[in-house]
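In what follows, a structure is listed as structure tokens, so that the remarks can point back to it.
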Amino acid sequence: MEIPMNSLRFFILAGLVCLAVPSLLAGEVDPDLQQRIANLPDTAYVRVWIQLNDTTPRGALKQALAGMPSRAERHTVGIAQLKEQSQKRQKDLLTELETLRRSRKAGNTVAHWI
């Protein structure tokens, strides 16, 4: 299922707002997607991928895991931390997408933690 054009514009705007709130940076829409949107009727559906900016300082996770005794423990804790960070960063966006889905303005939405 794809997203209707009117909803897509709102969806993209909501995604950009969610990007701006945690990081105070504006997001960007891929130029190819902008071109595709411009040429579609309002009732068209479009698949999109929203990637949120990572606000975690580079190397912070690696540094936090460095003192752990085993590679297996670092892996387990690291995966758990990445998932937790993603859930926090995506919370507002996923809430908005769920609202759009319930009103049939968005199709399937899937959160990724990687």
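What to note about this one:
- A residue that is assigned to a helix (DSSP H, G or I) and without any contact (Cβ under 8 Å) to a residue 60 or more places away in the chain can be found somewhere in the stretch 46-61.
- Taking each residue of the stretch 90-101 that is touching a residue at least 24 places away in the same chain (Cβ under 8 Å) and looking for partners that are part of a helix (DSSP H, G or I) and exposed (fewer than 13 other Cβ atoms within 10 Å of the Cβ) with beta-carbon atoms closer than 9 Å, six or more apart or interchain, yields ASP92/VAL21.
- Neighbours by Cβ (under 7 Å, 6+ apart or cross-chain): first from the stretch 69-84, among the basic types (Lys, Arg); second assigned to a helix (DSSP H, G or I) and surrounded by 14 or more Cβ atoms within 10 Å (Cβ to Cβ): ARG74/LEU65
- Test result for ASP54, at pLDDT below 75 and charged (D, E, K, R): yes
The values are calculated or read from the model by the stated rules, or taken from the named source; none is laboratory data. Keep in mind it's a predicted model, so treat the numbers as computed, not measured. All Cβ positions, glycine included, derive from the backbone under ideal geometry; neighbour counts span all protein chains shown.
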